[in-house]
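The structure appears right after this line, and notes come after that.
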């Protein structure tokens with residue numbers, strides 16, 4: 001994993017990080033942002049703008065805690081920008097670090113002294129060569145990964161942090177663990193590259209650690225650093241490096257550049273030789289280290305932080321522990337090699353670029369808005385990114401908006417549903433073709449027509465008053481002898497009502513006809529039943545008379561037979 005990345009579950013493909021990244025090091029695939037380490041310069045801009053807190057910074061805190069539990073010596077090298085963290089009480093930081101377990105606590109400015117001597121030496125070199133300071137790891141990464149042509153202008157010396165690490169290991173032994181603590185996220189990159197730095201913590205991580213350990217800051221005693229260099233304390237502000245050069249009568253002009261965007265703007269001019277006989281003090285962060293990505297977001301502005309640094313630099317140290325021996329540039333190797341690390345993107349053909357542009361609705365030059373909403377300066381740059389799988393076509397905001405509007409228009413125009421948009425004044429502001437045909441309206445008179453001219457407005461008044469939608473309500477429109485099922489949707493955002501209805505007149509008539517047919521069928525069935533009852537009654541009556549006559553006849557026949565039998569006897 002790279003030093004910084006994003007939590008996939010939190011990333012909501014808003015592209016804020018893509019727009020913020022000055023070197024297009026953010027890859028978007030499957031609507032998820034990912035940092036491409038081959039292009040990343042560790043400036044941390046992407047993390048500062050993430051609205052969903054999807055950032056993930058690789059922390060070495062557990063590694064540091066492990067060092068502190070082991071037998072060997074652990075030394076904290078604290079960047080001078082620590083003074084910007086505190087309005088007062090900064091002198092308690094050494095005591096806090098000792099309480100956390102560090103054996104030795106020194107200021108990184110001890111190493112800055114030697115690095116500044118190298119800068120001064122290069123500034124005095126003959127010729128009109130332009131030289132650039134190389135203590136900012138963000139700038140070093142920017143040049144090596146994106147502008148390798150600038151490498152010859154970089155002064156080939158390690159940073160104050162790396163220099164201090166070398167000094168510590170030389171003094172206390174190679175096995176000593178050096179933990180750099182500072183405001184810089186890209187120092188984590190330097191920590192990977194430099195053997196003299198064993199771990200890197202940001203100030204944000206340090207303050208969280210102090211809070212986690214429940215260290216009572218108010219009751220801490222003031223304590224001096226075990227080693228410091230007062231003259232170098234301005235290092236973390238613009239002009240601080242060159243201010244500490246002992247000989248200010250340099251043959252070269254000195255200029256300062258701060259901020260990644262400003263650095264990038266200057267690169268082409270440096271390559272063209274616009275800065276002859278110049279020493280450029282260059283910083284990746286605006287106003288230098290005091291606005292580093294590893295500084296806590298405590299609401300303190302950079303100008304207030306700068307004043308705190310100045311105040312700290314002007315104060316005399318409480319006490320400075322004496323050095324046992326003076327380290328010089330001759331006694332320690334400060335040379336640093338810079339390399340061409342450029343990650344070259346594949347360059348598509350003109351036909352391939354046009355094909356990608358056409359796929360996102362850019363069919364002519366006029367369609368190429370170059371709005372930058374996707375994070376790329378031009379539409380063509382975006383097309384190249386898509387070709388290299390660094391971006392997705394749907395990252396184009398104007399295209400997606402046009403696509404959504406087109407789809408909405410298609411639905412609005414083609415749907416058989418009746419749709420009318422009504423403002424708070426109960427006027428028709430938009431009507432679709434189906435509704436226009438239903439009410440037999442011409443296009444010229446449909447807009448701004450009072451809704452009362454089409455139907456009863458009481459339902460609209462109720463929705464407007466309650467600001468609550470009505471759903472699936474069946475109504476009869478007397479003016480056109482029609483029945484519809486209506487829904488009136490209230491939109492808070494637009495303060496309009498959307499009337500959506502289905503014409504159910506035909507269904508209602510069919511249902512009524514069917515109902516009439518059922519009633520007629522029932523009537524006919526009743527008539528049949530009545531007739532059957534009458535017939536049954538008549539049959540029963542006839543059967544009764546016949547049975548009575550038969551009974552009388554049989555009785556007479558029986559009597560006659562009985563009389564004949566009696567006479568025979």
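Remarks
- Counting 0.36 nm for each residue step from residue 254 to residue 58 and taking away their Cα separation leaves a gain of 66.9 nm.
- Legend: ranking of residues 436, 39 from fewest to most surrounding C-beta atoms inside 10 Å; resulting order 436, 39.
- Taking the DSSP beta bridges with both ends in the chain, the antiparallel portion is around 55 percent.
- By the beta-carbon count within 10 Å of each Cβ, the least crowded to most crowded order of 560, 454, fewest first, is 560, 454.
- Taking 0.36 nm per residue of separation and subtracting the current Cα-Cα distance, fully stretching the chain between residue 519 and residue 465 would add 15.1 nm.
- Rounded if a/c under 1.5, otherwise prolate or oblate - the stretch 1-58, Cα gyration tensor axes: rounded
- Helix-only CD estimate at 222 nm, as mean residue ellipticity for the chain, using -39500 (n - 2.57) per DSSP H run (n ≥ 4): -12500 deg cm²/dmol
- Each label point was placed 7 Å from the Cα along the Cα-to-Cβ direction; for residue 496 and residue 338 their separation is 5.7 nm.
- Estimated at 0.36 nm per residue, the fully extended path between residue 530 and residue 409 surpasses their Cα-Cα distance by 37.3 nm.
- Per-residue Cβ neighbour rank within 10 angstrom, fewest leading, 552, 200, 28: 552, 28, 200
- Nearest-0.05 FRET efficiency for residue 221 and residue 10, computed from C-beta distance (R0 30 Å): 0.10
- Label assignment, volume of the Cα convex hull per residue in Å³ derived from the structure, set (1) 381; (2) 211; (3) 231: (1)
- Between helix 302-314 and the chain: long-axis angle, C-alpha atoms, 0 to 90°, nearest 10: 20
- Förster radius 25 Å - calculated FRET efficiency between residue 32 and residue 347, Cβ distance, rounded to 0.05: 0.45
- The chain: angle of helix 505-568 to the longest principal axis, Cα-based, in degrees nearest 10: 30
- Ranked by the mean number of other Cβ atoms within 10 Å of their residues, highest first, the peptides 506-515, 99-108 come out as 99-108, 506-515.
- Cα long-axis angle, helix 350-359 against the chain (0 to 90 degrees, to the nearest 10): 40
- The overall shape of the stretch 416-503, judged from the alpha-carbon gyration tensor, is oblate: a/c is not under 1.5, and a/b is no greater than b/c.
- Global geometry of the stretch 105-166, whether rounded, prolate or oblate, following the gyration tensor of its Cα atoms and the 1.5 cut on a/c: oblate
Readers should treat all values here as calculations from the given coordinates under stated rules, not as data from a laboratory. The model shown is predicted, which means the values in this text are computed figures rather than measured ones. When we count neighbours, we look across all protein chains shown, and the Cβ atoms used for this are built from the backbone with ideal geometry, even at glycine.
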